[in-house]
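First the structure, in the form of structure tokens, and then the observations on it.
The values are calculated or read from the model by the stated rules, or taken from the named source; none is laboratory data. Everything numeric here is computed off the predicted structure, so don't read it as measured data. Positions of Cβ are backbone-derived with ideal geometry, glycine not excepted, and every protein chain shown enters the neighbour counts.
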Amino acid sequence: MRSKKVKIINPILTLLTIGVFWEFVVRTLNIPNYVLPSPSTIFSTAAKYSLYLAFNLLDTLVAALMGLAIAAVFSLALSLPLAYSEVIRDSIYPLITGFNAIPRAALVPLLALWFGLGAVPKVLTAFLIAFFPILVPTLTAMITMEKELWEMLQSFGASKGQILTKVAVPRAMPYFLSSLHMGLTSAFVGAVIAEMVASDKGLGYVILSSTSRLDTPLAFACLILLALTTFVISKVLSMVERRVVKWAYRVNI
Amino acid sequence: MDPVVQLRKVSVRYGNSNGGLTAVADVDLSVMPGEVVSIVGKSGCGKTTLLKVIAGLVRPVSGEVLFNNKGVNGYSKGVGMLFQSPLLLPWRTVIKNILLPIEIINGDLESYLSRAYELIEKTGLKGYENSYPWELSGGMQQRVALCRALIHKPPLLLLDEPFSALDAITREEMWNLLQEVITYEKCTTILVTHDVREAVLLSDRVVVMGGKPGRIKSELMINFRRPRDLMVQYTKEFNDYVVMIKNLIGD
């Protein structure tokens, strides 16, 4: 069990080392707070604004998670017809790839124009950035299958729909679930960008407004909060993954 | 008695009409109910293609495939297949892997459950019903695949190099098991293999393929009573068969 302890303690030690070094550099070089705040300043600022930060974090969190949830459902639902028929795939998939080439941040002003400054453009931006990294691996896993497995299923008369539901979908589940990690970070990027462009709430807005009045410690507090939040959610996702698709982790590499 | 499978002047081409490759040409073959026929030949001689034609997975460009006196339209539903790789679904337990064909064919799991347990018992998998395939050895996985191939009482069992990935000892165990199971199930069986000893040991008749495109070069009846003891391999008649077939494949 030593290795498990090491797994938890080692990164914490690394983080502490970096923090101490950071603090030391900022203090000895007398770097002003608005350029690079020291960790202690960041923490005291975070403590001072804890309630304000918590409310804004909640706003970002809800938008990102809603965006992610919609992206997950949408990707899974869309991958079914795409996997089922090559014609559908050929007709739709190039458009999706093309859409993915648009920088989604550029769509935020439009979304704000259509839906106002509330939660809707945030959720939509999160969704629009998050769905592609979920769709691609899920679809790929569904449409790649050993030829012999396909032949065996055909030999006892399986229909395309049966092959999809009995084999392709369960086969794709580990890929789908692991793609949620990618989707998660993308969704947060989307939510924060939307808050920066078109919102008066959320951590993205707090970062933008705090840097504009040179309150850099508050901006750093937001960044650390965002990192911490996505990290925790990612860990929760991993736990769900290991439970739901236990078979995919049959070998520990 | 009518043959279970009849091939008449079957030819198969891969690729398109102008730049294709004829894999199999003018093959005539009949397999009678209960018969065990092996197809042997060098790799690339079209023996697997022939098996796919019988399974309805590949359509011949000319000739006729009759399955119980009826033409094979697309996929001949219901044959049992066993490949070199067990192709088990890792998210399903042994019993659920075995019942997969039933789920696909008619969904009547209830009435096939006792048959699944019977096959599990016969193949020595008792106690592993709820294990996952990846918890089993290669030989055990192939036993599960054999049960899955047989669960729906297929009129025809098609085996494509089923034991070539197994070690020698496990392979001999599987030979015994296969003989026992197909005798008990009275299963008509076609075995594609490049192992001549395996072909002689397991089959009533050995079909030798060769050439490019692949044709049937000759056929040989194996006059031992089935099921056969593994010791028959060390008799002179057995070796005569093996040498004869090797010579037929050889040139």
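Of the residues A:Ala168, A:Ala105, only one is within 22 Å of the chain's Cα centre (by Cα) and hydrophobic (A, V, I, L, M, F, W, C); which?
A:Ala105
Exactly one of these conditions fails for B:Ile151: (1) buried (at least 18 other Cβ atoms within 10 Å of the Cβ); (2) modelled with pLDDT under 90; (3) aliphatic (A, V, I, L, M). Give me its number.
Exception for B:Ile151: condition (2).
Quick check, is A:Ser155 closer than 30 Å to B:Leu150 by Cα, in contact with a strand residue (DSSP E or B) (Cβ under 6 Å, 6 or more places away or on another chain) and either surrounded by fewer than 22 Cβ atoms within 10 Å (Cβ to Cβ) or not aromatic (Phe, Trp, Tyr) (or both)?
Spelling it out, A:Ser155 is indeed closer than 30 Å to B:Leu150 by Cα, in contact with a strand residue (DSSP E or B) (Cβ under 6 Å, 6 or more places away or on another chain) and either surrounded by fewer than 22 Cβ atoms within 10 Å (Cβ to Cβ) or not aromatic (Phe, Trp, Tyr) (or both).
Looking only at residues in the stretch B:151-173 that are without any contact (Cβ under 8 Å) to a residue 60 or more places away in the chain and of a type in the set (D, E, K, R), which one is nearest to the other protein chains (Cβ to nearest Cβ)?
B:Lys153
With respect to A:Ser79, is the statement that it is modelled with pLDDT of 90 or more, under 29 Å from B:Val58 (Cα atoms), buried (at least 16 other Cβ atoms within 10 Å of the Cβ) and away from chain B (no Cβ under 14 Å) true?
Yes: the conditions hold for A:Ser79.
Can you tell me which residues in the stretch B:4-47 are surrounded by fewer than 23 Cβ atoms within 10 Å (Cβ to Cβ) and within 14 Å of chain A (Cβ to nearest Cβ)?
B:Tyr14
What residue, among those in the stretch A:223-253 that are of a type in the set (Phe, Trp, Tyr) and within 14 Å of chain B (Cβ to nearest Cβ), is nearest to B:Leu136 (Cα to Cα)?
A:Trp247
Those residues that are among the hydrophobic types (A, V, I, L, M, F, W, C) and touching a residue at least 60 places away in the same chain (Cβ under 8 Å), I need them from the stretch A:125-158; list them, please.
Matches in the stretch A:125-158: A:Ala126, A:Phe127, A:Leu128, A:Ile129, A:Ala130, A:Phe131, A:Ile134, A:Leu135, A:Leu139, A:Met142, A:Ile143.
Determine whether the stretch B:95-111 contains at least one residue that is of a type in the set (A, V, I, L, M), at pLDDT 90 or above, buried (at least 19 other Cβ atoms within 10 Å of the Cβ) and on the phi > 0 side of the Ramachandran plot.
No, the conditions are met nowhere in the stretch B:95-111.
If you take just the helices (runs of 4 or more DSSP H) that sit entirely in the stretch A:96-208, which of them hold at least 1 residues that are away from every other protein chain (no Cβ under 14 Å) and within 21 Å of A:Met66 (Cα to Cα)?
Result: A:108-115, A:119-143, A:169-198.
Restricting attention to the stretch A:209-217, does a residue exist that is more than 13 Å from A:Ala63 (Cα to Cα), over 19 Å from the mean Cα position of the chain (by Cα), surrounded by 14 or more Cβ atoms within 10 Å (Cβ to Cβ) and not polar (S, T, N, Q)?
Looking through the stretch A:209-217, at least one residue is more than 13 Å from A:Ala63 (Cα to Cα), over 19 Å from the mean Cα position of the chain (by Cα), surrounded by 14 or more Cβ atoms within 10 Å (Cβ to Cβ) and not polar (S, T, N, Q).
State whether the residues of the stretch B:104-121 include one that is in contact with a Phe, Trp or Tyr (Cβ under 7 Å, 6 or more places away or on another chain) and part of a helix (DSSP H, G or I).
The answer is yes, given that some residue of the stretch B:104-121 is in contact with a Phe, Trp or Tyr (Cβ under 7 Å, 6 or more places away or on another chain) and part of a helix (DSSP H, G or I).
Residues to consider are A:Ile70, A:Ile9, A:Ile18, A:Ile88; find the one that is assigned to a helix (DSSP H, G or I) and touching a Pro at 6+ places or on another chain (Cβ under 8 Å).
When all the criteria are applied, what remains is A:Ile88.
Evaluate the stretch A:34-44: report whether one residue or more is within 30 Å of A:Thr140 (Cα to Cα), in contact with a helix residue (DSSP H, G or I) (Cβ under 7 Å, 6 or more places away or on another chain) and surrounded by 11 or more Cβ atoms within 10 Å (Cβ to Cβ).
No - not one qualifying residue is present in the stretch A:34-44.
When both residues are 6+ apart or on different chains and their Cβ atoms are under 7 Å apart, which pairs have a first residue that lies in the stretch B:77-99 and is more than 10 Å from chain A (Cβ to nearest Cβ) and touching a residue at least 40 places away in the same chain (Cβ under 8 Å), and a second that is assigned to a loop (DSSP other than H, G, I, E, B) and of a type in the set (Gly, Ala, Ser)?
Final answer for the pair search is B:Val94/B:Ser131.
Provide a single number: the residues in the stretch B:124-139 that are more than 11 Å from every other protein chain (Cβ to nearest Cβ), outside any loop (DSSP other than H, G, I, E, B) and either surrounded by fewer than 19 Cβ atoms within 10 Å (Cβ to Cβ) or in contact (Cβ under 8 Å) with a residue 40 or more places away in the chain (or both).
The number of residues fulfilling the criteria is 1.
With the structure loaded, tell me whether A:Ala105 is under 17 Å from A:Phe188 (Cα atoms) and at pLDDT 95 or above or whether it fails that test.
The answer is no for A:Ala105.
Pairs needed: first member in the stretch B:235-251, of a type in the set (Asp, Glu); second member anywhere, surrounded by fewer than 18 Cβ atoms within 10 Å (Cβ to Cβ) and not in a helix (DSSP H, G or I); C-beta distance under 7 Å; at least 6 residues apart or different chains.
Pairs found: none.
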